[in-house]
1. Just give me the residues in the stretch 85-120 being free of Cβ contacts under 8 Å to residues at least 60 places away in the same chain, of a type in the set (Ser, Thr, Tyr) and closer than 17 Å to SER144 by Cβ, in sequence order.
2. Is it the case, given these coordinates, that VAL121 is in a helix (DSSP H, G or I), surrounded by fewer than 24 Cβ atoms within 10 Å (Cβ to Cβ) and in contact with a strand residue (DSSP E or B) (Cβ under 7 Å, 6 or more places away or on another chain)?
3. Mind checking which residues of the stretch 240-266 are touching a residue at least 24 places away in the same chain (Cβ under 8 Å), over 25 Å from TYR109 (Cα atoms) and of a type outside the set (A, V, I, L, M)?
4. Within the stretch 136-144, is even one residue among the aromatic types (Phe, Trp, Tyr), out of contact with any Cys (no Cβ under 7 Å at 6 or more places or on another chain) and surrounded by 21 or more Cβ atoms within 10 Å (Cβ to Cβ)?
5. From the list VAL192, VAL275, exactly one residue is modelled with pLDDT under 95, within 25 Å of SER315 (Cα to Cα), in contact with a strand residue (DSSP E or B) (Cβ under 9 Å, 6 or more places away or on another chain) and aliphatic (A, V, I, L, M). Which is it?
6. Of all residues in the stretch 77-95 being modelled with pLDDT of 95 or more and either more than 19 Å from the chain's Cα centre (by Cα) or among the hydrophobic types (A, V, I, L, M, F, W, C) (or both), which is nearest to ALA111 (Cα to Cα)?
7. Suppose the filter is under 20 Å from the mean Cα position of the chain (by Cα) and surrounded by 17 or more Cβ atoms within 10 Å (Cβ to Cβ); does ALA72 pass it?
8. Do you know which residues across the stretch 21-56 are among the acidic types (Asp, Glu) and modelled with pLDDT of 95 or more?
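The values are calculated or read from the model by the stated rules, or taken from the named source; none is laboratory data. Worth saying up front: this structure is predicted, and the values here are computed from it rather than measured. Reconstructed Cβ throughout: ideal geometry from the backbone, glycine too, with neighbour counts over all protein chains shown.
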Amino acid sequence: MAIHKRGRQSFILAHQPVIDCWASVAGKKESEGPLADTFDVTSQDTKFGQASWEQAEKYMQQLALNTLVQKAGVKNRDVDLVLSGDLLNQCIGSSFSLNNTGLPHLGLYGACSTMAESLLVASMVVGGGFADRVVAMTSSHFASSERQYRFPLGYGGQRTPTAQWTVTGAGAALVQSSGTGPRIESCTIGTVTELGIKDAANMGPAMAPAALATIRAHMEDLGCVPEDFDLIVTGDLGQLGKDVLMELANRDGLNLGGKLTDCGTLVFDCVGQDVHSGGSGCGCSAVTLCGFLLGKLKEGELKRILFCGTGALLSPTSTQQGLPIPGVCHAVSIHCGRD
């Protein structure tokens, strides 16, 4: 019997897992943005001293994991499971980063929703009593993503105003059965939704319908309202996608005014850094959560957030065949852990 299920697609955690520690690694452009002081490790070298951008992404995940366990005061052998994924073909950033570590690993793919997806699954594993200590982790890299999904950088293609800048970064969070810190209280698993958008340089609006569907499902399944949260944080619609979400929500009678923000608009100065519509990529919501947002929750400056990771489920093959871009959004409700 599914005793923790609520409504169609949500569940509560009777034994709320604790996000005990977190770590983030960011690149040069990210270290020049408004969240610079919240990152644990930054690099002015886009390759992080590696031979390629893809190997740099692997290295970023290794740095994030190593920094996480050091901050937590544990060893690799103390970690029961790592849940991770990325944007590279076959998620090689994640699998290569854990090669020969001896760490049990489940690979995930939710595109840019992977940080929320990994947290959601980690909460089920820990809350269900299957593990005591699970790492949720993901990454992205601007150059490797552009090469895979759009045009190689050497092509010199003009970026459209709707385009977003893929974050070069990795984030990791340690989800435990006990401890102090922010707690995961409930989650909503997203449904795949698309609006008919086919432009791979316009992913924010493509993901907006999925974000609305998940936010509404969370409210209906769990009997809550936007006012119950300090912030409803999407990641990563960018400025244009955030505007589309607000418009869709207003049409649907759901008032998100004053509560909605987006990781893609938080991580960069969208005007001063010339990132057009804002940030994107798995690393966007990962570094924003594993620093800025969890830090605010730890200090009690935020009491409760709804973290809504959004992902565009396209591939080079689907784009070349002219197919529309489906989106997905997974929501994780996190509170500060204080009464």
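1. The answer is SER94, SER95, SER97, TYR109.
2. Values: in a helix (DSSP H, G or I): yes; surrounded by fewer than 24 Cβ atoms within 10 Å (Cβ to Cβ): yes; in contact with a strand residue (DSSP E or B) (Cβ under 7 Å, 6 or more places away or on another chain): yes.
Taking the combined requirement at face value, the residue satisfies it.
3. Answer for the stretch 240-266, where residues must be touching a residue at least 24 places away in the same chain (Cβ under 8 Å), over 25 Å from TYR109 (Cα atoms) and of a type outside the set (A, V, I, L, M): ASP252, ASN255, LYS259.
4. Yes, because at least one residue in the stretch 136-144 is among the aromatic types (Phe, Trp, Tyr), out of contact with any Cys (no Cβ under 7 Å at 6 or more places or on another chain) and surrounded by 21 or more Cβ atoms within 10 Å (Cβ to Cβ).
5. Criteria check complete, one pass: VAL275.
6. LEU83
7. Considered against the rule, which asks whether it is under 20 Å from the mean Cα position of the chain (by Cα) and surrounded by 17 or more Cβ atoms within 10 Å (Cβ to Cβ), ALA72 comes out as no.
8. Listed by number, the residues that qualify are GLU30, GLU32, ASP37, ASP40, ASP45.
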